[in-house]
Amino acid sequence: MMKEFLDQRLGIKQFSKTFAVILLILFLILWLIDSCVMPPYVHSIGTIKVPNITGLSLKKADDIVKNSKLRVADVREVYNETVPKGYIISQLPFAGSEVREGRRLYITVSRGIEKITVPYVIGKLERVAWIDIMRLGFNIGNIEYVERDDKPDGVVLAQYPHYGVNLPYGATINLIVSQAPPEAEIPLFEGDITLQEARNLASQNSLILIVINPELIETLDNPVIRPDYNRTSYKLRKGDTVWVEIVPIY
């Protein structure tokens, strides 16, 4: 039994020595390849100066890269406001760099100016329309205010350019917004004033004049025009009605 144990120990030692010799031989082979074989091979591959392809079209740049014994590894597309669509914005390695033949180039190509769809803001309050427009990257252009009796104050009536069209980022959107007519004080019709003068005052203030008892015009010698404050407010908007009555002077 002891003899068998010793034989096993001797076998393990012999295997270890053999394995060590094999590792040493492999190391020497790798060292010889790295020192003697690889340097001439590496130096046999020529170096190339990277051409400048920035600003060129992708097709033209691809031809230049192939003729330079290089290759395009990756093309990334981004929006750009100054470089036309399909033209190269940047490259890596940079132009003029010394690289080995077959080196891969990474280039960035312009997708042109980013275009965004104009939102629909008609019928919205002006401040809400501003938020919707500017949130997308547009700018607010001219705002025209138009007096409208049939619309609330500050509502968008129209937009130019129209909604749905595609425009570049930063384009200007113009709006037409409703504005409530200004209030006008009731003309002072009391006193020595004729019906025609009352009508002229109403016309100047864009008010509608209605005479309650026009039949008295022909029967009274000196009629006086007086507002009927039971039907008429002291503050009016353009287009409102002023009710007046004709009263005799005693």
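The values are calculated or read from the model by the stated rules, or taken from the named source; none is laboratory data. All of these numbers come straight from a predicted model, not from anything done at the bench. Cβ coordinates were reconstructed from backbone atoms using ideal geometry, including for glycine residues, and neighbour counts include every protein chain displayed.
Can you pull out every residue in region 100-129 that is loosely packed, with under 14 Cβ neighbours inside 10 Å and aromatic (Phe, Trp, Tyr)? Of everything in region 100-129, just one residue is loosely packed, with under 14 Cβ neighbours inside 10 Å and aromatic (Phe, Trp, Tyr), namely 106. Of everything in region 96-114 that is in a loop (DSSP other than H, G, I, E, B) and within 13 Å of residue 51 (Cα to Cα), the residue that is farthest from the chain's Cα centre (by Cα) is 101.
Can you find even one residue in region 79-90 that is at pLDDT below 85 and of a type in the set (D, E, K, R)? Among the residues of region 79-90, at least one is at pLDDT below 85 and of a type in the set (D, E, K, R), which makes the answer yes.
Residue pairs whose Cβ atoms lie under 8 Å apart, separated by 6 or more positions or on different chains, with the first residue in region 192-216 and more than 12 Å from residue 243 (Cα to Cα) and the second of a type in the set (Lys, Arg), are 205/238; 206/238.
Somewhere in region 132-140, is a residue assigned to a helix (DSSP H, G or I) and not charged (D, E, K, R)? Yes, region 132-140 contains at least one residue that is assigned to a helix (DSSP H, G or I) and not charged (D, E, K, R). The set of residues in region 108-118 being at pLDDT below 90 and among the aliphatic types (A, V, I, L, M) consists of 113 alone. Taken residue by residue, region 61-76 has no member that is assigned to a loop (DSSP other than H, G, I, E, B) and either free of Cβ contacts under 8 Å to residues at least 12 places away in the same chain or farther than 16 Å from residue 49 by Cα (or both). Could you run through region 143-167 and say how many residues are part of a strand (DSSP E or B), more than 16 Å from residue 128 (Cβ to Cβ) and either aliphatic (A, V, I, L, M) or in contact with a Cys (Cβ under 8 Å, 6 or more places away or on another chain) (or both)? Qualifying residue count for the region: 2. Checked against (1) of a type in the set (S, T, N, Q); (2) in contact with a Ser or Thr (Cβ under 9 Å, 6 or more places away or on another chain); (3) surrounded by fewer than 11 Cβ atoms within 10 Å (Cβ to Cβ); (4) farther than 30 Å from residue 238 by Cα, residue 67 passes all but a single condition, namely (2). For region 152-167, the criterion of being at pLDDT 80 or above, touching a helix residue (DSSP H, G or I) at 6+ places or on another chain (Cβ under 6 Å) and among the aliphatic types (A, V, I, L, M) is satisfied by at least one residue.
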